[in-house]
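Q: Here it is: the structure, laid out below.
The values are calculated or read from the model by the stated rules, or taken from the named source; none is laboratory data. Quick caveat: nothing in here was measured; it's all calculated off a predicted structure. Neighbour counts run over all protein chains shown; Cβ positions are idealised from the backbone, glycine included.
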Amino acid sequence: MSILTIWSRRSTLTLIRNSVESYSRRCFAHKNYDYDLVVIGGGSGGLACAKDAVANGAKVAVLDYVVPTPTLGTKWGIGGTCVNVGCIPKKLMHQAALLGEGIHEAVAYGWKVEGVEKVKPDWSKLVQSVQNHIKSVNWVTRVDLRDKKVEYINALGSFKDANTVIARMKNGTERELTAKNIVIAVGGRPRYPDIPGAVEYGITSDDIFSLSHAPGKTLVVGAGYIGLECAGFLKGLGYEATVMVRSIILRGFDQQMANIVADAMVERNIPFLRNTVPKSVEKTEDGRLLVKYVNTETNEEGSDVYDTVLWAIGRKGLVDDLKLNNAGVVTKGDKIPVNEKEETNVPNIYAVGDIIHGKPELTPVAIHAGRLLSRRIFSGATQLMDYDNVATTVFSPLEYSSVGLSEENAIAKYGEDNIEVYHGYYKPTEYFVPQKSVRYCYVKAVAERSGDQKVLGLHYIGPVAGEVMQGFAAAVKSGLTIKILLNTVGIHPTTAEEFTRLAITKRSGLDPTPASCCS
Ligand code: FAD
Ligand code: NDP
């Protein structure tokens, strides 16, 4: 080995050692701080960040606190929205609704089910089963935090200054924690409309999954994800459900797809009150709820009586309790703006998940961003969160999943002449025997018009939409083109294979409905 090689190896080693030491000095607790990291909010993003930080050698505390809902006083354990009042209970209730349909389909397939016409849901049993699962997840989460040596503090967090968090416990006592780095991951809570009776008589998604009585005839106000999903599973469970729509269905989504989702719900006897906003909610003499509303186009007033009114009008970021002024963190409305490194305007304070401004409010987004952030702070990683091409599913009765651009956004970005839209209706094989409606099963690929036609967006309405879209999302992220898609051999008989059979463009004007069941 030459002198030169030895010298060069030594200097490389010295360089690495120096940079690791300087890195450690920057990232790990100064002796004056109690923690390397304090995370405010023990939900999807906060926990992912905290666990990853500990794995990278940091000393971490997580504060999590749930303020009970205003009227029913519903509260829950560690884990945040997704586990307790979001994705998980929602998916379970959606599944319960699908199983109800499945019982009737089973009969068509030859299962002898005694008294099938008498089959009805047991709301209390469903709630109990769902809540049991949630409690088990809460428990596993606490054990996991203990094992991983993340200190969990059941307290409401607020800032004293940019390095000090005040933890306010349930009994009113306070504890001061100092930290070199602070991550805000407080998420959001449902909004209530500013109309008489809204808070007194209405409930939200925070209450529905643990409601002690069956909801009965329900008015769901709001036509976003939560509105459509809740109305969908309630109807599937046998309760009358109506959706009140202020303007459009599923704002931000491809509007052709959104309207097909709504049409498929109307076909299942879920009425939509379009262009309508609520004016008031009152209790009737027999304890039901009288909702007065108005059509925003015609000014025509109307009213109806319901057993439950569920507000699904969006979620408010939980910035108010944080006393962000004390740390100098700026907000944008009820959200916190961050740069591409999830840094707020204060260098050692970061934010991830639903609380950040202008990004998808989804659990896997919060988790991924939280992990990457921890790795950048504590292990020298540089990878940034990519918020583009995040796939998502609306768990409506006939599910809708998409990744990438909507048709209208693709046209707005690239111009109509530069976009090709492939589409087709299809007939799931398993729908034939029970004679389920295939009218709204539809797929669409939005692509560049030239060259190999890079896929810009994929949209699917049909069964198990999330399962179908997950793999395609990876393909889109890897630069999928229409040429590759149509050269991919399908798996038959599946609904996912419909993407590999997309032969008709919208521009051609040809009929996108299939001629036969399985050609
Ligand atoms: P959260 O999970 O909301 O966690 C924040 C935590 O911080 C909460 O526990 C909160 O109580 C606590 N907190 C707030 N303020 C403080 C404070 N000052 N001090 C201490 N603790 C505080 N996403 C999907 O990907 N798929 C789905 O199917 C899906 N379904 C959903 C269904 C419903 C009904 C809802 C409401 C949401 C759904 N979401 C879904 C969205 C998903 O739940 C959120 O995107 C995700 O939970 C956001 O994670 P987060 O870490 O940002 O916040
Ligand atoms: P959204 O913002 O998606 O939808 C809110 C709906 O309420 C819109 O239809 C809106 O209408 C309407 N609305 C707003 N204000 C009023 C009002 N004052 N009166 C009447 N209607 C009103 O919120 P959601 O609560 O449905 O969901 C919040 C977030 O949670 C979503 O963005 C999503 O990221 C996440 N989520 C994800 C799910 C999933 O992945 N499957 C499931 C559920 C939630 P307008 O269009 O006119 O503003």
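Q: Give the residue, chosen from 375, 439, that is over 30 Å from residue 182 (Cα atoms) and either of a type in the set (Lys, Arg) or in the same structural domain as residue 231 (by TED's automatic domain parsing) (or both).
A: Exactly one of 375, 439 is over 30 Å from residue 182 (Cα atoms) and either of a type in the set (Lys, Arg) or in the same structural domain as residue 231 (by TED's automatic domain parsing) (or both), namely 439.
Q: Within region 263-279, is even one residue under 20 Å from residue 90 (Cβ atoms), touching a residue at least 24 places away in the same chain (Cβ under 8 Å), surrounded by 22 or more Cβ atoms within 10 Å (Cβ to Cβ) and out of contact with any helix residue (DSSP H, G or I) (no Cβ under 8 Å at 6 or more places or on another chain)?
A: yes
Q: Shifting gears a bit: Hey, residue 74 hits all of (1) polar (S, T, N, Q); (2) under 21 Å from residue 364 (Cβ atoms); (3) more than 11 Å from ligand 1 (Cβ to nearest atom) but one; which does it fall short on?
A: (2) is the only condition that residue 74 fails.
Q: Condition test on residue 366, is it in a helix (DSSP H, G or I), buried (at least 22 other Cβ atoms within 10 Å of the Cβ) and among the small types (Gly, Ala, Ser)?
A: yes
Q: Looking at (1) part of a helix (DSSP H, G or I); (2) in contact with a Lys or Arg (Cβ under 8 Å, 6 or more places away or on another chain); (3) under 30 Å from residue 342 (Cβ atoms), which one does residue 384 not meet, given that it meets all the others?
A: Of the numbered conditions (1) part of a helix (DSSP H, G or I); (2) in contact with a Lys or Arg (Cβ under 8 Å, 6 or more places away or on another chain); (3) under 30 Å from residue 342 (Cβ atoms), the odd one out for residue 384 is (1).
Q: Another question, if that's okay. Scan region 113-143 residue by residue and report those that are charged (D, E, K, R) and modelled with pLDDT of 95 or more.
A: Matches in region 113-143: 122, 125, 135, 142.
Q: Also: Any residue in region 300-322 that is under 18 Å from residue 192 (Cα atoms) sitting within a Cβ distance under 6 Å of a residue that is polar (S, T, N, Q) and not in a strand (DSSP E or B)? List the pairs, counting only those 6 or more apart or interchain.
A: 319/331
Q: I'd like the residue in region 196-246 that is among the aliphatic types (A, V, I, L, M) and part of a loop (DSSP other than H, G, I, E, B) and, out of all such residues, is farthest from residue 103 (Cα to Cα).
A: Within region 196-246, the match that is farthest from residue 103 (Cα to Cα) is 245.
Q: Further, regarding this structure: Is there any pair with a first residue in region 353-372 that is of a type outside the set (Lys, Arg) and at pLDDT below 95 and a second that is buried (at least 22 other Cβ atoms within 10 Å of the Cβ) and part of a helix (DSSP H, G or I) whose Cβ atoms are under 6 Å apart and which are 6 or more apart or on different chains, and what are they?
A: No pair meets every condition.
Q: Sticking with this structure for a sec: Quick one: residue 133 ticks every box in (1) buried (at least 16 other Cβ atoms within 10 Å of the Cβ); (2) under 18 Å from residue 81 (Cβ atoms); (3) more than 16 Å from ligand 2 (Cβ to nearest atom) bar one, so which box is it?
A: Going through the list (1) buried (at least 16 other Cβ atoms within 10 Å of the Cβ); (2) under 18 Å from residue 81 (Cβ atoms); (3) more than 16 Å from ligand 2 (Cβ to nearest atom), residue 133 breaks only (1).
Q: Here's a follow-up. Using the structure shown, decide if residue 353 is surrounded by fewer than 21 Cβ atoms within 10 Å (Cβ to Cβ), among the small types (Gly, Ala, Ser) and touching a helix residue (DSSP H, G or I) at 6+ places or on another chain (Cβ under 8 Å).
A: no
Q: Could I ask something else about it? Only one of (1) touching a residue at least 12 places away in the same chain (Cβ under 8 Å); (2) of a type outside the set (Phe, Trp, Tyr); (3) not in a helix (DSSP H, G or I) fails for residue 130. Which number is that?
A: Going through the list (1) touching a residue at least 12 places away in the same chain (Cβ under 8 Å); (2) of a type outside the set (Phe, Trp, Tyr); (3) not in a helix (DSSP H, G or I), residue 130 breaks only (3).
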